[in-house]
Every structure is written in C-alpha cells, then in structure tokens.
Amino acid sequence: MGSDAEELLSPPASSPELEQDDDDEDCYLSDQEDDALEESVLQVLEDGHLEDCHWSSSSVITKEYLLAAQREDLRKVIELLGLKEHHARTLLIHYRWDVERIFELLDQKGRDRLFSEAGIPLRPASNAGLPSLAEVTCNVCYDDVPLSAASHMDCGHNYCNDCWTEYFIVKINEGQSRRVNCMAPKCNAICDEALVRKLVSAKRPDIAERFERFLLESYIEDNDTVKWCPSTPHCGNAIRVKGDIHCEVECTCGRQFCFNCSSEAHSPCSCVMWELWIKKCRDESETVNWITVNTKPCPKCHKPVEKNGGCNLVACICGQAFCWLCGGATGRDHTWSSISGHSCGRFTEDQSVKTEQARRDLYRYMHYHNRYKAHTDSLKQEAKLKRDVQWKISISENKESKIKDYSWVINGLNRLFRSRRVLSYSYPFAFYMFGDEIFKDEMTTQERELKQNLFEDQQQQLEFNVERLSGFLEKDFQNFTDEEVMDTMKHVINLSNVVDRLCKQMYQCIENDLLYPLRTPHNIAPYKSKGLDRASELHISLDSAEQSSQPVKYSQDEHKGQPALCSNESGSSLLGKRPILQLHGSSSDNSGLPSHKRERREARGGGGGALFDLNVPAELADKI
C-alpha cells in the first residue's frame, strides 16, 4: 500500500515498487555517508514520502565506548581547527558538542570571535618575554614562591600551585568541572584540564577522579544529541541520535522513551502536552474541582460538606448549621421556604459562573481521561493476548491443514499494539489541542470547532477499525476450518493495512492541519509503521581508538594555521586513522553503501528478492 502522499498524487492502483518504497521509512546515515544522506533526503522529498522527512538514526553508547565516542568528536575539531585537546573540549562543551554548528559559526563569526565567546585565548601566552626570575609573587596569597611552584594558564595569568589547587578543588566540588574559569578577575579563559588534573591529583586523588568523570560525562550532559537511558535501575547506556531529535527510541535494555524529554513514548502528544497531562493526572486538581462543584465548606471547621437532602439548611458533623445557598452560618430554626434570621436571595453572578465553569472543566477532563484510560487498559489486556495467540498458532501448525504459515497473526497483533497506543495518546492530545490551556489565543472559536471535528472524525474511524482488528485476533482460529482461517486471515491483513493508513492520516492531519498553522511550535515524534526506532549498539575499532589517544604535535601558533602533524611511516598522522564507527548489524562494502541499504535497492530492482511486507513487526523485520 502506498503512502498518503501517493494516494493524493497518483491513481489508487499501486505497483509493487510503490509498495516497497512505502516501507522504506528510515533514512540511514553514518559518518562516511553525509553526501549520500543529503541525496537520499532530497530523493525522499521528490518522491513525496512525507513521513520519511523525519529521518533519524539512533545508536547505543555503552560505558566501554563512551570515551571513544567523545574522542571522535574531539578529533574532528582538532584536525580542522588545529586546537589543543583541552581547547577543543572547551569549544565543544560551549556549543553543546554540536560539531556541525561549530563549523557553521566559524564561517559566520570568524575564528577570533568563535574562540573568545567559548573562553579560548586568542593568543596563547608565552614565557619567552618574561624576565628570568628565581621567584614570583602570587597575587592571591602574596607569597613569594619559586618558579617551579607556580603555574600560568594560556591567558597569561600566573599564581602559585597551592592557590590553583585549592581553587580547582572548590570548583570541582561546586560541579563546575566542565568549565573551570581562570582565577583572575574578569578573565573568561578556561583553565588547562591537564594542569587541573596534575595539581588536584597530587593533593586529592578522589577529587581528581570526579573531575575525570565529569569531563567524560559532559559528552552526555552537555550534548543535545546524546542522552542517558532513563531506565530504572539504570542500565548504564546512553542513546545518540543523528537527525531529528523529536523521535522515540528503544534502548538495548528494552526501555522505550521520547528522546526529547526522556519520558515514556507519548506520540502523538507533544512533550509539553504530555508533561501537563501527567501532572494533571498525578495531582488532585480534578478531585478539588469535584469538591468545589458538589460540596460547600463549613463556616466553622472549614471541612467540605455534601448535601444529601432537599432542605437548604445543612449541618456539619461539628454541629454548625449553615445555608447551602450562600454558605453563611445560621441557626437551626427554619421552615421549608426560609431560615430564621437569614436571607440570601440576592443573586451573585461571579460565584455562579465559577461553579458552572468548574463543572464543565471537570466533565471535559473526565471525558478524555476515561477514554485514555480505557485504551491504556485495553493495551495492557491485549499484551496478555500474545501468549494466547502463540498457543493457538502452535496448535494450528500441528493439526492436519494446508495452512502452515500464521505470521499474519503476529503481524496483526503487533499492528494492534501500535495502533492502540496511538489511539490512547490521541486523547490527551485532543484535550490540550482543543482546550484553553495552551492554544487559547491562537484559534478562533469557529476554527477550533472545524479542526476538532476534522480530528475527531479520523479518531473515530481509527477507533472503530482498531476494535474490529482486536475482535478478529481474539477468535479461536485453532478450531476453524481452512476456509474460515482464510477468511479470518483476509480480514486481519486488510484491517492491519487500514489501521496503518489511518494512523498515518491522523499524524499528517496533526502535523499539517493542526500544529503547523500555530504560532507556538509543537513538535511530535513521527509515526513509524514498524514501531519505535531500535537503537543499534555503537562499535568503535579498538585499534583506531588506541591511535586516537596519541598526542598531536602542533606548530608554535596554533591559531594562525593548521597543526603540524607528525606522520608515521604509512603516511597517516599520529592522531591515527579516524575511528571506524559501525552500527551493530550493519556493514559496508566497496559500493560505498551499507549492506542493508544495498539489499533494499537490489530488491527494488527486481533481483528476485521478495517484497517486504508493510505489516511485518519490528522484531521480525530485522530477520528478513
């Protein structure tokens, strides 16, 4: 089945090539394929594959490869800009480890401005012009110390080692290890990490270890494209995403989460919507609304009192009698029409409006929350259905029948899980999309009604077909005849395709018709027919990693030209070859394309390969 864009631009009939193209959802990329990536994205846009525009590639960085992954980015900056390692790290931390942004700003701002804003001295200080003194005076403690007991930074400021050490320890304890500024007043230069490491380790080795750990973890903490897996207990892995960061990924430990906000996967809700929804469900705000609508506070003890009769004179358990209409304290003498010594017949509009508004807000929240919870509960119950389905398949495969392939059941079951999840999170999205909490002033009442009707029509169609698919999958097909099994298979496959198409249409409606015209940007993770992106484990060649740790020899003025790299016998620099970043399960050959990408192109060319089923679940897709 072709994508929605193809249905709008071409006749309903689709060729096998279009079916194959529709399944090609992800744009693959690696460090060696920047040009190929750009070409593939442009080709996707030309072909009209809208959902492919949200390309992203995720990989898992384990503890063993965290240092090597960090050194890979350091290498890029060192080789191109000719910096020392601590200056390259300072530049990367300042720009949140965005190598491409650094190169862009280098053209826009120039070298001097780029370095000064990051805290890198433009002209490193030299001792050549200083008089040869036996001692120097520290401007912090004002002690005269030998030259060997003092240290100066690249900015030229010189202090005794004891003062430097105490200053470094304080900064590390304050959590400022990643950017330790010079002690000199109004100096923004960043201290040399090698000197920090040397002085602190001599006095406090434990603090030095913390300093090393903070520098290593800065690759994750200060990086917009790398985040810790939020699993509990923590698995120790980090996820790196290239491309669109508004995506949902799955760690190798099995945890699925939104990469942008690190909470559970919540598409089609935006991160702002989901945060507000979780807070609303977690606290007691709606309980308070119910109490406001259905109870009145006692004027004596201030406890909420619920009226259980028709008389407007009510009594609290503390013994205080009061008027239900106005809440004022009264005596107990009364008739059916009045209370002795009390009159509250004047109309108060403000209180009436507040009460009615609280009642409407409560009913609206209950409408969306009940349906959200109903589909969430259904998803939990249908998760148990997988064991029953596997048991039914084992019985069906062992009985005498012409039908031996029941993969359509597993495909339909996985499609049911994904569509049910989308349907569940669509209700919190609708609650905030068409409410006053976020977009109150961005749509007129008429626009809001039109968009709400458009969305709810698609939501209703999806809900109807999801329930039908669930009903067919719950049937006891192990007791059916071959004709009944074939009929059930036809319905399951057709409904799986219909549900997948409706999910795509709902996401396109949300992105193009609902969110795009708004002034407030709200990004959502794209819909993936094969499920969430499963991060591949990042592997780096150990030989390349060892070579990457070798020092670099620079020319005297590192800011006026490229570094003078000493070459080895093979002609490569002492920095070593660029570490080979390879995703687990993928490889490349002489064609310049990864093997998985080449295989797909061969399949398109009709090389005898079977077409890929759109409804194959993610756990089976990798095996095909």
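The values are calculated or read from the model by the stated rules, or taken from the named source; none is laboratory data. Just so you know, these numbers come straight off a predicted model, no measurement behind them. Backbone-built Cβ (ideal geometry, glycine too); neighbour counts: all protein chains shown. Surface areas here come from the heavy atoms of the whole protein model, side chains and all, with no ligands, DNA or RNA. Shrake-Rupley method; radii C 1.70, N 1.55, O 1.52, S 1.80 Å.
Could you work out, for region 434-518, what percent of all Cα-Cα pairs fall into each 5 Å distance bin, beginning at 0 Å and stopping at the bin that holds the largest distance?
3, 13, 19, 16, 12, 10, 9, 7, 6, 4, 3, 1
For region 62-188, report the convex hull volume of the alpha-carbon atoms normalised per residue, in Å³, without decimals.
Spread over its residues, the Cα hull of region 62-188 gives 139 Å³ apiece.
Report, in cubic angstrom per residue, the convex hull volume of the C-alpha atoms of region 171-210.
Cα convex hull per residue, to the nearest whole number: 70 Å³.
At a Förster distance of 22 Å, what's the computed FRET efficiency of Lys384 paired with Lys279, Cβ-Cβ distance as r, to 0.05?
It comes out at approximately 0.15.
At 1.4 Å probe size, with no ligands or nucleic acids counted, give the accessible surface of Lys279 in Å², nearest ten.
Rounded to the nearest 10, the figure is 120 Å².
Wrap a convex hull around the Cα atoms of region 149-199, take a quarter of its surface area, and give that in square nanometres.
For region 149-199, the mean projected area of the Cα convex hull comes to 3.2 nm².
Whole percent per 5 Å bin, from 0 to the bin with the longest distance: what is P(r) over all C-alpha pairs of region 489-531?
Going from the shortest bin to the longest, the percentages are 5, 21, 22, 18, 13, 9, 6, 3, 1, 0.
Ignoring solvent entirely, what values of log10 I(q)/I(0) come out of the Debye formula for region 377-518 at 0.17, 0.20 Å⁻¹ when each Cα is a single scatterer?
Ignoring solvent entirely, the Cα scatterers give -0.89, -1.11.
Which residues in region 508-534 have a backbone N closer than 14 Å to a point placed 7 Å from the Cα of Asp441 along the Cα-to-Cβ line?
519-520
Radius of gyration and Dmax for region 213-269's Cα atoms, expressed in Å?
When restricted to the Cα atoms of region 213-269, Rg and Dmax are 11.3, 37 Å.
Taking the simple approach of a point 7 Å from Cα along Cα-to-Cβ for both Val170 and Glu456, what is their distance in nm?
The modelled label-to-label distance comes out at 6.3 nm.
Across 5 Å bins from the origin, how do the percents of Cα pairs in region 450-497 run, short distances first?
5, 20, 23, 17, 12, 9, 7, 4, 3, 1
Using only the Cα atoms, work out Rg/Rh for region 181-230, with Rh taken as the Kirkwood radius, to two decimals.
Looking at region 181-230, the ratio lands at 1.08.
Computed over the Cα atoms of region 211-331, what is the convex hull's projected area averaged over all directions, in nm²?
Over every viewing direction, the Cα hull of region 211-331 projects on average to 13.5 nm².
State in Å² the accessible area per residue of region 361-450; use a 1.4 Å probe, count heavy atoms of protein chains only, and round to the nearest integer.
51 Å²
Once fully extended, how much extra length lies between Lys399 and Lys203, figured as 0.36 nm per residue of separation less the alpha-carbon to alpha-carbon distance?
63.0 nm
Using 1/(1 + (r/R0)^6) with R0 = 41 angstrom and r between the beta carbons of Gln320 and Arg101, what's the FRET efficiency to the nearest 0.05?
0.05
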